[in-house]
Amino acid sequence: MTEARPIAAGSKRRHNQVAITVRFATGDDASVVRETALLAFAELRDVIDPPPGILFETGDEVRRAIETEGAVVALDGEVVVGSARFEARPGYLYIGRLAVPPLFRGRGIATALMAFLEVHARSLGLSEARVSVREALPGNVAMFEHWGYAPVSRDPHHRLPHVFSIGMAKRLGQALPTVARGQSGILDEPDAR
């Protein structure tokens, strides 16, 4: 297993030299998973109310979530360039905290993370993947629609009932996000957890 290194803020690496790989995170990856999400979600601090919860999670909370639910990291060589968390629920895999810092966007990293998690859901015998997207972020809703997710609910925030998230689901018999086997090294079959 490759030891993940944190992202260097402002790093100017050439991004097209190394294939993106995705692997399951362990509790030892908690700090880099948290740091990756903080970099990705920081721009939303003053955009949505309430701000994303990850901005207030401690390293210990992230570690517990990884150990009790699960997470994945995307790597460019040994540098973590994206992450996501997941939880197997009855009948579906919930995917949350999909995070790609701005410096690494536009390279298919989020697509690779989602493809890996959809394969993982199938390996668990689950026929559906679900996400929850803030209604105030229509670009994110559109991104998931592009990947085949459809709105299934409009849910009030647990603390602010006038703020809504869009619950979205994808039947996993549909095609995975567009990633060809071997192109980015991400479709190594995930180990059963």
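The values are calculated or read from the model by the stated rules, or taken from the named source; none is laboratory data. This is a predicted model, so every value here is computed, not measured. Note that we place each Cβ from the backbone using ideal geometry, even for glycine, and neighbour counts take in every protein chain shown.
In the stretch 77-99, what residues are at positive phi and either without any contact (Cβ under 8 Å) to a residue 12 or more places away in the chain or assigned to a loop (DSSP other than H, G, I, E, B) (or both)?
The answer is Gly77, Gly91.
Only one of these is farther than 16 Å from Val80 by Cα, among the small types (Gly, Ala, Ser) and either surrounded by 18 or more Cβ atoms within 10 Å (Cβ to Cβ) or under 16 Å from the mean Cα position of the chain (by Cα) (or both): Gly53, Gly59. Name it.
Gly53
Mind checking which residues of the stretch 145-170 are of a type in the set (Val, Ile, Thr) and assigned to a loop (DSSP other than H, G, I, E, B)?
Val163
Condition first: of a type outside the set (Lys, Arg), more than 24 Å from His157 (Cα to Cα) and in contact with a helix residue (DSSP H, G or I) (Cβ under 8 Å, 6 or more places away or on another chain). Can you find one or more residues in the stretch 105-120 that meet it?
Yes, there is a match, as at least one residue in the stretch 105-120 is of a type outside the set (Lys, Arg), more than 24 Å from His157 (Cα to Cα) and in contact with a helix residue (DSSP H, G or I) (Cβ under 8 Å, 6 or more places away or on another chain).
Limited to the stretch 53-76, what total is found for residues that are in contact (Cβ under 8 Å) with a residue 24 or more places away in the chain, touching a helix residue (DSSP H, G or I) at 6+ places or on another chain (Cβ under 7 Å) and not basic (Lys, Arg)?
The total comes to 9.
With respect to Glu57, is the statement that it is of a type in the set (D, E, K, R) and touching a Gly at 6+ places or on another chain (Cβ under 6 Å) true?
Against the criterion (of a type in the set (D, E, K, R) and touching a Gly at 6+ places or on another chain (Cβ under 6 Å)), Glu57 does not qualify.
Among the aromatic types (Phe, Trp, Tyr), in contact with a strand residue (DSSP E or B) (Cβ under 9 Å, 6 or more places away or on another chain) and at pLDDT below 95: which single residue out of Phe41, Phe56, Phe116 fits that description?
Answer to the check: Phe41.
Only one residue in Arg89, Arg45, Arg97 is under 20 Å from Ser165 (Cβ atoms) and in contact with a Ser or Thr (Cβ under 8 Å, 6 or more places away or on another chain), so which one is that?
Just one listed residue meets the conditions, Arg97.
Which residues, counting only those in the stretch 43-76, are closer than 22 Å to Glu135 by Cβ and part of a helix (DSSP H, G or I)?
Within the stretch 43-76, Glu43, Leu44, Gly53, Ile54, Leu55, Phe56 meet the criteria.
Going through Ala30, Ala40 one at a time, which residue ends up being assigned to a helix (DSSP H, G or I) and in contact with a Pro (Cβ under 7 Å, 6 or more places away or on another chain)?
After applying the criteria, what remains is Ala40.
Take the conditions out of contact with any Cys (no Cβ under 8 Å at 6 or more places or on another chain), over 27 Å from Asp49 (Cβ atoms) and not aromatic (Phe, Trp, Tyr) and apply them to Ala115. Does it pass?
Yes, satisfied.
For Glu135, all conditions in the list (1) in contact with a helix residue (DSSP H, G or I) (Cβ under 9 Å, 6 or more places away or on another chain); (2) within 30 Å of Gly77 (Cβ to Cβ) hold save one; what is the number of the exception?
All conditions are met except number (2).
One residue is enough: does the stretch 132-144 have a residue meeting the conditions buried (at least 19 other Cβ atoms within 10 Å of the Cβ) and assigned to a strand (DSSP E or B)?
Yes, because at least one residue in the stretch 132-144 is buried (at least 19 other Cβ atoms within 10 Å of the Cβ) and assigned to a strand (DSSP E or B).
Among all residue pairs at least 6 apart or on different chains, which show Cβ distances below 7 Å where the first residue, located in the stretch 144-168, is under 22 Å from Ala110 (Cβ atoms) and in contact (Cβ under 8 Å) with a residue 24 or more places away in the chain and the second is part of a strand (DSSP E or B) and among the polar types (S, T, N, Q)?
Between residues of the stretch 144-168 that are under 22 Å from Ala110 (Cβ atoms) and in contact (Cβ under 8 Å) with a residue 24 or more places away in the chain and residues that are part of a strand (DSSP E or B) and among the polar types (S, T, N, Q), the close pairs are Ser165/Ser132; Gly167/Ser132; Gly167/Ser153.
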